[in-house]
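Below is one structure, written out as structure tokens; comments come after it.
The values are calculated or read from the model by the stated rules, or taken from the named source; none is laboratory data. A quick note: this is a predicted structure, and the numbers were derived from the prediction, not measured. Because the Cβ atoms are built from the backbone with ideal geometry, glycine has one as well, and the counts that use them run over all protein chains shown.
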Amino acid sequence: MNRENAPFATSNIRVHPSLTRGFSVAPGLLLTGLALVALAAFMLSLAVGSVRIPLEEIVAVLLGGDASKQAWATIVLKFRLPKALTAMLAGAALSVSGLQMQTLFRNPLAGPFVLGISSGASLGVALTVLLAGVAVGLGGSTTLLAGISLAGDTSLALSAIIGSGLVLLLVMSVARKVQSGMTLLILGLMFGYTTSALVSVLIYFSVVERIQAYISWTFGSFGGVTWRQLQVMAPAIIIGLAGGHLLMKPLNALLLGETYALSLGLNVRRVRLGIIGSSAILAGVVTAFCGPIGFLGIAVPHLCRSLLHTSDHRLLLPAVSFLGATLALGADIVAGLPGSQLTLPLNAVTALLGAPVVIWVILRQRNLRQAFAG
Amino acid sequence: MKNETVLRTKDLSIGYRRARRAPVVIASDLSFSLRPGELVCLLGPNGAGKSTLMRTLARLQPPLSGQIWLDDRPLDSLRPGQLARRLSIVLTDRVDVGAMSGYGLVSLGRHPYTGWTGTLTEQDQEIVAWALQAVRARDLADRYTVEMSDGERQKVLIARALAQQPRVMLLDEPTAFLDLPRRVEVMDLLRQLASENSQAVLLSTHDLDLALRNADRLWLLSAEGELFDGAPEDLILNGAFERVFSAEGVTFDRERGSFHTRQEACGRLRLEGDGVAAFWTRRALERIGYAVEKEGENGDTASYTPVLPPPQSATGTVSVRLQDDGFIYNLEMEGRADAFATLNALTTYLRRGGAGGETDAQVDEDLYARR
């Protein structure tokens, strides 16, 4: 057939009807697929570890039944289930937070920690862990060191919460005043430098054991979160995720930049506060309980954009939640080195596995801008 | 006809406030109005405050003093959503929305009308399709914006502004990055949109010629903050252009509505010939600094505006006529006659000082090369 005579000569144009009409079958299917993959990763992370437990036993335990070995039930319920739930929540939280920051600042390099949330948490933890060490290092008695419960889970989490919470308040109060998002980005950056300088001073004067405890916190881990802590962490993250999803429409408007968003009737300052607030809660809570987990928050939004060929947040927000959960679970499984008694630092795994994937995805893109909403 | 206005200002003062110092006033005492269905072009030298005026009218920055009414309501009394349903903008900033189709971009214009998820109703979808159709960009609906040319993206951005169904559209230099045919197209489109939808369209531009041809009215904003408001022709005749754009070494040519650099005429030539060829021959001769007089069709000698008084009598005659498959330009000057195949050859010859130069061979070569 003569192409010239075709009524609509658009056949040579790459058409993505899915992305033009909002939700339709294809993205719906993709989201379901992503959710299923996340579920599979969740089950897998319960099954593998230093002890291999058959899947049907895990299902039985999860459904409230008994495993054929009592130890298996204990392992699943006491260790693996809270860890898997933590990984899932943390992965989703960091990815949504990263997406929000990338869109708000129109910057592909932005991530959950650009506003200094993790720096604040680090400073909080460093103060708790290292200050006592400084006292020791400057001539205090070693019995003092034993007196403080070293790296006590709750005190670490608490100091991280206080640290990131204070930064959150600071950022929010600045965000209410400044005109441009770029100012905030630079302030966050400067704040990061300041805190890491303070942390290095603390490290310099501290004792080795304390430094080690601090550094192992910076490696990140999903394993340290207890059921009791999850009772705080899970609701906070779910609230943050819900808040993030409520902002899908303003986020789409912000793709055009703040001026256009304003002209579309958006209350940019209020929306910015909402985005920063939910994003900071997500990043802050995760950092408080799991340490500063890098990479996921920056990488997952990029992966989703190129997977779904869209920058529509109505699709991206659920997609990054699912993919973030999946990748966090995956990283945790790999870090556990199944079949061995060893574990790797989580942050090393996320970056080692993630960076090549992102590089591959981005190089594959014909047009770089398509991968970045930047 | 009812003298209705959609946008009106009174004693408006625009500029920037500064902390602990006096504000920078860019223009003051501006009182003007926009009527539905008209296309108004805002012209002015760089730095006169065209963008500031646009931003102030769009409530992107507050006025220093004075009032603005939109639809007979004070601009600052409108809620953000109400404003967005009455006024839309197209900015010069490059829009980078990532992986988004033309349709997706235009549908962002429905934001003031949609619910919290931004999902389009059937009516919204119709309006988006209509907006794309209105800018003749239906085929861009399924293309990624990153893959579009500047002209295509500009059309989609105009469609996005249209999808807001505004009473007033403000466009900041919508033709700035476009090639000439695209400029003509976009300007023509905006004029049609204004009259078909009874919208008021205000656009800023540096494109004098297009503005003169398309605008219902012009606003000239001078560097001193004066605003001249009137039909393009009025502003040409009353000298507003000279006042706004007066600059050292540049003059405004009232007869042709364009600016020229001031230069000493280096001679006076008579021009014989008709039509398009004569028109462009005159342009070429003027470009290299000759004052040109032409035998008018009715027999009068119409003297084209000399920039500075030239020598009183013509020093030569150029005639242009059709020969074979092209034009041939004959020059009679200082007692000799030469023929040229192109205006390039003619102007090169004249620039090198006319007869006696060593360019004759080159000229002949050009002439023969074309035959």
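Contact map, region A:340-363: residues that are touching a residue at least 40 places away in the same chain (Cβ under 8 Å) paired with residues that are aromatic (F, W, Y), Cβ distance under 6 Å, separation 6+ or inter-chain. Pairs shown: A:P345/A:F219; A:N347/A:F219; A:T350/A:F295; A:A351/A:F295; A:G354/A:F295.
Of all the residues in region B:253-277, those that are surrounded by 15 or more Cβ atoms within 10 Å (Cβ to Cβ) and either in contact with a Lys or Arg (Cβ under 7 Å, 6 or more places away or on another chain) or without any contact (Cβ under 8 Å) to a residue 12 or more places away in the chain (or both) number 2. Across region B:49-61, the qualifying residues are those that are touching a residue at least 40 places away in the same chain (Cβ under 8 Å) and assigned to a loop (DSSP other than H, G, I, E, B), and the one among them that is surrounded by the fewest Cβ atoms within 10 Å (Cβ to Cβ) is B:Q61.
In the set (1) under 28 Å from the mean Cα position of the chain (by Cα); (2) without any contact (Cβ under 8 Å) to a residue 60 or more places away in the chain; (3) crowded, with 19+ Cβ neighbours inside 10 Å, B:S107 fails one condition alone, (1). Return yes when B:V186 is of a type outside the set (D, E), within 23 Å of B:Q125 (Cβ to Cβ) and crowded, with 18+ Cβ neighbours inside 10 Å and no when it is not. When the stated conditions are applied, B:V186 does not pass them. Every condition in (1) in a helix (DSSP H, G or I); (2) closer than 18 Å to A:A261 by Cα; (3) touching a helix residue (DSSP H, G or I) at 6+ places or on another chain (Cβ under 8 Å) holds for B:D76 except the one numbered (3).
Conditions (1) in the same structural domain as B:L210 (by TED's automatic domain parsing); (2) more than 30 Å from B:G49 (Cβ to Cβ); (3) acidic (D, E), marked per residue:
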site	(1), (2), (3)
B:N238	yes, no, no
B:F241	yes, no, no
B:F259	no, no, no
B:E272	no, yes, yes
B:G275	no, yes, no
B:A278	no, yes, no
B:T281	no, yes, no
B:L285	no, yes, no
B:A291	no, yes, no
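Residues that are under 16 Å from B:G225 (Cα atoms) and surrounded by fewer than 22 Cβ atoms within 10 Å (Cβ to Cβ) within region B:27-48 comprise B:S28, B:D29, B:S31, B:F32, B:P45, B:N46, B:G47, listed in sequence order. Restricting A:S278, A:S306 to those that are more than 9 Å from the chain's Cα centre (by Cα), hydroxyl-bearing (S, T, Y) and over 20 Å from A:S119 (Cβ atoms) reduces the list to A:S306.
Can you name every residue in region B:115-143 that is over 26 Å from B:M187 (Cβ atoms) and either of a type in the set (K, R) or facing another protein chain (nearest Cβ under 7 Å) (or both)? Correct list: B:W116, B:T117, B:G118, B:T119, B:L120, B:D142. Looking at region B:112-226, the helices (runs of 4 or more DSSP H) lying wholly inside it that each contain 2 or more residues that are within 30 Å of B:F259 (Cβ to Cβ) and at pLDDT below 95 sit at B:150-163, B:180-197, B:208-214. The numbered conditions (1) in a loop (DSSP other than H, G, I, E, B); (2) touching a helix residue (DSSP H, G or I) at 6+ places or on another chain (Cβ under 8 Å) are all true for B:A27 except (1). State whether one or more residues within region A:216-229 are within 14 Å of chain B (Cβ to nearest Cβ), touching a Leu at 6+ places or on another chain (Cβ under 6 Å) and surrounded by 15 or more Cβ atoms within 10 Å (Cβ to Cβ). No: region A:216-229 contains no residue that is within 14 Å of chain B (Cβ to nearest Cβ), touching a Leu at 6+ places or on another chain (Cβ under 6 Å) and surrounded by 15 or more Cβ atoms within 10 Å (Cβ to Cβ). Take the residues in region B:66-89 that are within 7 Å of chain A (Cβ to nearest Cβ), touching a residue at least 40 places away in the same chain (Cβ under 8 Å) and of a type in the set (G, A, S); name whichever of them is surrounded by the fewest Cβ atoms within 10 Å (Cβ to Cβ). Here the residue is B:A84. Among the residues of region B:90-97, not a single one is at pLDDT below 95, at positive phi and more than 8 Å from every other protein chain (Cβ to nearest Cβ). Only one of the listed residues (B:T348, B:T359) is at pLDDT 55 or above and of a type outside the set (D, E, K, R). That residue is B:T348. Within region B:335-353, being hydrophobic (A, V, I, L, M, F, W, C) and out of contact with any Asp or Glu (no Cβ under 6 Å at 6 or more places or on another chain) holds for B:A337, B:A339, B:F340, B:L343, B:L346, B:L350. Cβ separations smaller than 7 Å between residues 6+ apart or across chains give the following pairs from region A:245-261 residues that are within 7 Å of another protein chain (Cβ to nearest Cβ) and in contact (Cβ under 8 Å) with a residue 40 or more places away in the chain to residues that are in a helix (DSSP H, G or I) and surrounded by 21 or more Cβ atoms within 10 Å (Cβ to Cβ): A:M248/A:H313; A:M248/A:L317; A:N252/A:H313; A:N252/B:L108; A:L255/A:T103.
Kindly indicate whether any position in region A:275-291 is within 14 Å of chain B (Cβ to nearest Cβ) and over 29 Å from A:F79 (Cβ atoms). There is no residue in region A:275-291 that is within 14 Å of chain B (Cβ to nearest Cβ) and over 29 Å from A:F79 (Cβ atoms).
Assigned to a helix (DSSP H, G or I), more than 14 Å from every other protein chain (Cβ to nearest Cβ), modelled with pLDDT under 90 and buried (at least 20 other Cβ atoms within 10 Å of the Cβ): does that describe A:F322? When the stated conditions are applied, A:F322 does not pass them. Among the residues making up region A:262-274, a single one is at the interface with chain B (Cβ under 7 Å from one of its Cβ atoms), surrounded by fewer than 24 Cβ atoms within 10 Å (Cβ to Cβ) and part of a helix (DSSP H, G or I): A:L262.
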